[in-house]
Amino acid sequence: MSRTDDATFRAVTNRRVLIGSLAGSAIEWFDFFLYATAAAIIFDQQFFPSDDPAFSLILSYLTLALTFFIRPFGGIVFSHIGDRVGRKKTLVLTLSLMGGATVAIGLLPTYAQVGVLAPILLIICRIIQGLAIGGEWGGALLLAYEYAPKNRRGFFGAVPQTGVTVGMLLSSLSFALVSQLPDQQFHTWGWRVPFVASIVLVFLGLWIRQGLAETPAFQKAKDAGAVARMPLADTLRDHWRSVVVAIGIKFVETGPFYIFAVFVVSYATGILDYEQPTVLNAVSVAAFASTIMILVMGRLADALGRKPVFVAGAIATAVYAAPFFLLLDRGTTAAVYLAVIVGLAVIWPPVTATLGTLMSETFSTRVRYTGVTLGYQIGAALAGGTAPLVAQWLISSFEHTWAPIAWYIVLLAAVGLFAAVTMRFAVARETATLKAEGRYLEDE
């Protein structure tokens, strides 16, 4: 093969990899955010009815938060498969599980039809979703990262992150469309349509991923016999500091996101009396703009470095905490659009675009799937799924004032900043220990 032909082949392969990473990730997150949106606007009535609407909403958010604590277990299971068997097979399995659970949610009976069995079935489906998404993110990220040229890892690592906003965009648009139905039709069958229709996207994603080969980095490790026998044990023994740091940097990425994108729906419609379609449309526009900005921030990370871009985003998150709510309080359509767009398309992209690459560069190939998955999913469990629940509790406990929520965002940003600053020291300490014990591998 000539040098020109080889370059062309690599370019085509890279495009296929990026499409495969993005497509599967977007579909997984579409399914995931369908639930998050429904939890904010419909599941409290359909599965958790009570005399106190605020209590029903808290129960609905609890099912959203509960599965974030399931995600680390899914991450452990699927990252073990990913580090032992391969990235590709794991990604096909996680997408299949997510798709099946999502369609099932769209077919569930409600509390009015079968009583307490309805929320039990809903929680079971949600647990399956949590297990699947727990293993998906690490695989989609590494599919891109381990194929990436060294000088483009920032951009390649940012591409699967856009799956979050593409999935959110698709879910918001889906609910915005069915929300146009008369209330009775929406509550009877309209909310189910996006869940059942997602099966089409799942089949598309499976078709794309089946055509991809294993990542070069993992294949090289496998051929060299450098695959970890017990990835979880190796990670916790040799890289526990990096896992803790990864959890910390996840805090500033996940908590503010769920407040800007999910909690805002119930807050703006329930406390501030915005129209539901207005808020959903604002989230949709912000998701579209954020998708573009994540890619821009990924390229900027290749030019300036991952950490400076991440740190700038974390500081901006803390600064924006109060202005976000001040804008919402103005009560105008323009204000809600501006608040959500700035939060999701300006403040959040520098953090999320660099998150995956920062984590990946912290771990070696033999435990990378496990390391990044543990950091990401534990961080998501502690600060992501709980964010709407914590925010709802704060707004209910402090006489509907948003100030405690703003301080909560500042705290999350501070944790992320501290973790980013200490990341280099954690890696250096672990590397020195492995070298001293004669267990340092060339890949590391």
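Among the residues of segment 89-128, those identified as closer than 30 Å to residue 229 by Cβ and under 19 Å from the mean Cα position of the chain (by Cα) are 90, 91, 92, 93, 94, 95, 96, 97, 98, 127, 128. Looking for something of a type in the set (A, V, I, L, M), open to solvent by less than 60 Å² (accessible area, probe 1.4 Å) and farther than 22 Å from residue 266 by Cα - is there at least one such residue anywhere in segment 52-71? Checking segment 52-71: at least one residue is of a type in the set (A, V, I, L, M), open to solvent by less than 60 Å² (accessible area, probe 1.4 Å) and farther than 22 Å from residue 266 by Cα. Checked across segment 108-130, the condition of being closer than 25 Å to residue 20 by Cβ, out of contact with any Cys (no Cβ under 9 Å at 6 or more places or on another chain) and open to solvent by less than 10 Å² (accessible area, probe 1.4 Å) holds for at least one residue.
Look at segment 62-75: where a residue is closer than 22 Å to residue 372 by Cβ and of a type in the set (D, E, K, R), no partner that is open to solvent by 10 Å² or more (accessible area, probe 1.4 Å) and not in a helix (DSSP H, G or I) sits 6+ places away or on another chain with Cβ atoms under 6 Å. Residues of segment 246-270 that are in contact with a Pro (Cβ under 8 Å, 6 or more places away or on another chain) and hydrophobic (A, V, I, L, M, F, W, C): 259, 262, 263. Counting only residues that are crowded, with 19+ Cβ neighbours inside 10 Å and modelled with pLDDT under 85, segment 82-94 holds 6 of them. Candidates 54, 101: the one that is out of contact with any strand residue (DSSP E or B) (no Cβ under 9 Å at 6 or more places or on another chain) and either modelled with pLDDT under 85 or polar (S, T, N, Q) (or both) is 54. Residue 73 passes every criterion in (1) more than 30 Å from residue 279 (Cβ to Cβ); (2) in a loop (DSSP other than H, G, I, E, B); (3) of a type in the set (Phe, Trp, Tyr) apart from (2).
In the set 233, 226, 246, only one residue is modelled with pLDDT of 80 or more and either open to solvent by 10 Å² or more (accessible area, probe 1.4 Å) or touching a His at 6+ places or on another chain (Cβ under 7 Å) (or both); that residue is 233.
Yes/no per residue for (1) open to solvent by 40 Å² or more (accessible area, probe 1.4 Å); (2) at pLDDT 95 or above; (3) of a type in the set (A, V, I, L, M, F, W, C):
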position: 259; (1), (2), (3): no, no, yes
position: 263; (1), (2), (3): no, no, yes
position: 271; (1), (2), (3): yes, no, yes
position: 275; (1), (2), (3): yes, no, no
position: 280; (1), (2), (3): no, no, yes
position: 287; (1), (2), (3): no, no, yes
position: 293; (1), (2), (3): yes, yes, yes
position: 307; (1), (2), (3): yes, no, no
position: 310; (1), (2), (3): no, yes, yes
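Against the conditions (1) under 30 Å from residue 406 (Cβ atoms); (2) without any contact (Cβ under 8 Å) to a residue 60 or more places away in the chain, where does residue 243 fall short? Just the number, please. Among (1) under 30 Å from residue 406 (Cβ atoms); (2) without any contact (Cβ under 8 Å) to a residue 60 or more places away in the chain, residue 243 violates only (2). The combined condition, being of a type in the set (A, V, I, L, M, F, W, C) and over 30 Å from residue 223 (Cα atoms), is not fulfilled by residue 436.
When each of 399, 430 is tested for being over 15 Å from residue 250 (Cβ atoms) and touching a His at 6+ places or on another chain (Cβ under 9 Å), the lone residue that passes is 430. So is residue 397 without any contact (Cβ under 8 Å) to a residue 60 or more places away in the chain and polar (S, T, N, Q) or not? When the stated conditions are applied, residue 397 passes them.
The values are calculated or read from the model by the stated rules, or taken from the named source; none is laboratory data. Nothing here was measured: the structure is a model prediction, and the numbers come from that model. Virtual Cβ from ideal backbone geometry, glycine too; neighbours counted across all protein chains shown. Areas reflect the complete protein model, heavy atoms only, side chains present, ligands, DNA and RNA absent. Shrake-Rupley method; radii C 1.70, N 1.55, O 1.52, S 1.80 Å.
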